[in-house]
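Notes for the one structure printed next.
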């Protein structure tokens, strides 16, 4: 766990102690730092003329969990937060942009922000003003702030930041997306830069739920639409967010069933979301159209996010990987789902993994013997802001799924690519745990209840509620696994 440090102590330890002892101190305070950066911090504090007691309680090199957004120096106060970024040379626009990003991430804490950049090359100092202009400032300004700050102690900084707050959905947060009130993670930005500089005909964005595939896809679409004709293809029914984006940007957004409309739209870039659910003939058609017309295609895909049994055999990712002139970008860090929620989901689908679930504070599990009681309970929760995600019914031999339907909210197909703070899902009698303690289903014949369940719970950003109905065996095994972890 990250601990604050006194800057005089940091510099003295670096200058006076053997390397192995100093490395041990860095490990104890849970941060890594290049030695030249510590030299720069030493140069910085040599300009600050205050009593030594004011150099304490700085967090050095803190990173927001899951996002890897890093701050050089942070000091928290009840009246304001101090942030100083240390640079060797001045690249003014880059330095300003960094402080603007810092302002975005720190604003969620509800404190006034005082943001600075120190340049060691010429010993200069800059501040980001309230209007986001970047101007030179005297060190005395910082000295007064340092002395006047009412120190605020935090036993665990990570609890201050909710990574899911920073993953904007183009659909559920369409206003923030349209206004550009978001920043990409370091990995997303790196991939974006490589894609924009590259010349590959086929771009593949692969990643698990919550890794930011859709945001990166739509961010690329927003940038390229400024100079090029684009088309976005959604593998499912269009949602309200799609319609807003169409009206706001005049983007061409079409459902996959209308894929051949691209022939009239004549795009230079085709963006495809949820590629794993496309029929193979649809993917084949798109590939051939892109090759024939010498244009580019960007495909977002998660092979695990399938909803029907036949989709298991599509192998759309392998088909894309087999193409010439293609490039794969694999997003690896989950952002939407916090670590505790992610650990629970992992344990939910295999009870052996429940041992990694250290916190069930944001998990609720309720049992009902009667589906009507569960429906009444769900109706009340819906009024309290919970997003019910129901199972998609099927017209033929769909009795097993029909018995699990709450008949409220959105279904598993409606929520493709979307995200919600609080998600409620029902677990019916078709579910069970097999001999390997993995979740399994009985009587599936077209839509896959297990994959629909996975799709639903991975839409949650902050809280999950499960309603287990008429399935005492499932409830017993799940509760025993959760309680066993809590008592260990």
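Odds and ends about this structure:
- Looking across the range 465-486, the residues that are within 30 Å of residue 165 (Cα to Cα), out of contact with any helix residue (DSSP H, G or I) (no Cβ under 6 Å at 6 or more places or on another chain) and either modelled with pLDDT of 95 or more or not in a helix (DSSP H, G or I) (or both) come down to 465, 466.
- Subset of the range 190-218 (residues that are surrounded by fewer than 21 Cβ atoms within 10 Å (Cβ to Cβ), without any contact (Cβ under 8 Å) to a residue 60 or more places away in the chain and touching a helix residue (DSSP H, G or I) at 6+ places or on another chain (Cβ under 9 Å)): 192, 196
- Against the numbered list (1) surrounded by fewer than 16 Cβ atoms within 10 Å (Cβ to Cβ); (2) in contact with a helix residue (DSSP H, G or I) (Cβ under 8 Å, 6 or more places away or on another chain); (3) modelled with pLDDT of 90 or more, residue 248 comes up short only at (3).
- Elements of the type strands (runs of 3 or more DSSP E) sitting completely within the range 361-439 and holding at least 1 residues that are farther than 30 Å from residue 243 by Cα: these cover 363-368, 420-427, 431-433.
- Checking each residue in the range 444-488 for being without any contact (Cβ under 8 Å) to a residue 60 or more places away in the chain, surrounded by fewer than 18 Cβ atoms within 10 Å (Cβ to Cβ) and closer than 20 Å to residue 369 by Cβ picks out 473, 476, 480.
- Helices (runs of 4 or more DSSP H) wholly inside the range 107-225 containing at least 3 residues that are farther than 30 Å from residue 239 by Cβ and modelled with pLDDT of 90 or more: 139-148
- Within the range 233-254, residues that are under 22 Å from residue 276 (Cα atoms) sit with their Cβ atoms under 6 Å from residues that are part of a helix (DSSP H, G or I), at 6+ positions apart or across chains, in these pairs: 233/256; 235/256; 235/277; 241/174; 252/265; 253/242; 253/246; 254/261.
- Count of residues meeting criterion [free of Cβ contacts under 8 Å to residues at least 60 places away in the same chain and buried (at least 17 other Cβ atoms within 10 Å of the Cβ)] in the range 178-189: 1
- Among (1) farther than 24 Å from residue 210 by Cβ; (2) without any contact (Cβ under 8 Å) to a residue 60 or more places away in the chain; (3) touching a strand residue (DSSP E or B) at 6+ places or on another chain (Cβ under 6 Å) - the single one residue 373 does not satisfy: (3)
- Residue match in the range 395-402 (condition: in contact with a strand residue (DSSP E or B) (Cβ under 9 Å, 6 or more places away or on another chain), under 15 Å from residue 425 (Cβ atoms), surrounded by fewer than 20 Cβ atoms within 10 Å (Cβ to Cβ) and in the same structural domain as residue 449 (by TED's automatic domain parsing)): no
- Residue match in the range 82-91 (condition: in the same structural domain as residue 141 (by TED's automatic domain parsing), under 19 Å from residue 112 (Cα atoms) and in contact (Cβ under 8 Å) with a residue 60 or more places away in the chain): yes
- Counting only helices (runs of 4 or more DSSP H) that sit completely within the range 1-80, those holding 2 or more residues that are surrounded by 15 or more Cβ atoms within 10 Å (Cβ to Cβ) and in contact (Cβ under 8 Å) with a residue 12 or more places away in the chain correspond to 7-16, 35-45.
- Tally of residues being within 15 Å of residue 221 (Cα to Cα), buried (at least 22 other Cβ atoms within 10 Å of the Cβ) and out of contact with any strand residue (DSSP E or B) (no Cβ under 6 Å at 6 or more places or on another chain) across the range 275-309: 0
The values are calculated or read from the model by the stated rules, or taken from the named source; none is laboratory data. Model, not experiment: these values are computed from the prediction. Reconstructed Cβ throughout: ideal geometry from the backbone, glycine too, with neighbour counts over all protein chains shown.
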